[in-house]
1. Note down all Cβ pairs under 7 Å where the first residue falls in segment 168-194 and is assigned to a helix (DSSP H, G or I), the second is at pLDDT 85 or above and among the β-branched types (Val, Ile, Thr), and they're at least six residues apart or on different chains.
2. Taking interchain pairs and intrachain pairs at least six residues apart, which have beta carbon atoms under 7 angstrom, with the first residue in segment 124-144 and touching a residue at least 60 places away in the same chain (Cβ under 8 Å) and the second part of a loop (DSSP other than H, G, I, E, B)?
3. Would you confirm whether any residue within segment 145-166 is modelled with pLDDT under 95, among the β-branched types (Val, Ile, Thr) and within 19 Å of residue 80 (Cβ to Cβ)?
4. Go through the residues of segment 79-90 one by one and say whether even a single one is touching a residue at least 40 places away in the same chain (Cβ under 8 Å), part of a helix (DSSP H, G or I), in the same structural domain as residue 197 (by TED's automatic domain parsing) and surrounded by 14 or more Cβ atoms within 10 Å (Cβ to Cβ).
Amino acid sequence: MPGSDILDIDETKRIGAGKWRIVYLHPTDDTKVLKLHRADNSPAARRARRWQNHLLHPSRFDANARDLRLYRRLAARAPEILDRIGAVHGIVDTNQGPALMAEHVRDADGRSSQSLWRYVGQNGLAEMLPLIDDFFEALASHHVPVEDPTYHNILVRRDGPKMRLILVDGLGDPTLIPYKTLFRGLNREKLMRKKGRLIAKLQRAAAADTDA
């Protein structure tokens, strides 16, 4: 039947929202999530904001297409890094437009993995520092371009006593001339700066909680 393969978005299954997209649990598969562009930050709206944006291909403003393209590129070039990045499965049709179908990152016990921000808020920063160092070193070593590795885009996946950080959003570099991520050395420098800013924010948040 026409349209039978279109997924219906359930607003009660909304689990997160970022600057560009809203995330929902998949309506029939709890191992996956669906990422839809926000209406106020759609690819077309973003491209129309500045005249110079029209020099770029429209796909540069489509975060879903970019994530899928970069994930497939990494899968072909450096598959060993994929255990640090939430899996991306493809673009699917929904009743609210095309959505990116991605992995619903879970701990070994089946619970949804916590964001780095929430985990640090509950357990402190000290045990995360070595994992953060290891995570950013892995991204740099495999020349992974990352736009925004914030504490909300990084999840803490727990497998018993072992933990691993997983990037679930922020792949790529949407700048007009991505020279800072095009070259391996510059990309490493950019990632290390972002690591420093991330740790500083987490330290300030931890200090604020202690003072309170």
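1. 191/146
2. Short answer, once both residue conditions are applied: 142/78.
3. yes
4. Here is the first cut: in segment 79-90, the ones touching a residue at least 40 places away in the same chain (Cβ under 8 Å) are 80-81, 83-86, 89.
Then keep just the ones that are part of a helix (DSSP H, G or I); that gives 80-81, 83-84.
Going one step further and asking which of them are in the same structural domain as residue 197 (by TED's automatic domain parsing), we end up with none.
No, segment 79-90 has no match at all.
Conditions tested, residue by residue: (1) surrounded by fewer than 18 Cβ atoms within 10 Å (Cβ to Cβ); (2) assigned to a strand (DSSP E or B); (3) in the same structural domain as residue 159 (by TED's automatic domain parsing).
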site	(1), (2), (3)
93	yes, yes, no
98	yes, yes, no
109	yes, no, yes
119	no, no, yes
129	yes, no, yes
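The values are calculated or read from the model by the stated rules, or taken from the named source; none is laboratory data. Since the model is a prediction, treat every value here as computed from it, not as a measurement. Every residue, glycine among them, receives a Cβ derived from its backbone with ideal geometry; neighbour counts consider all protein chains shown.
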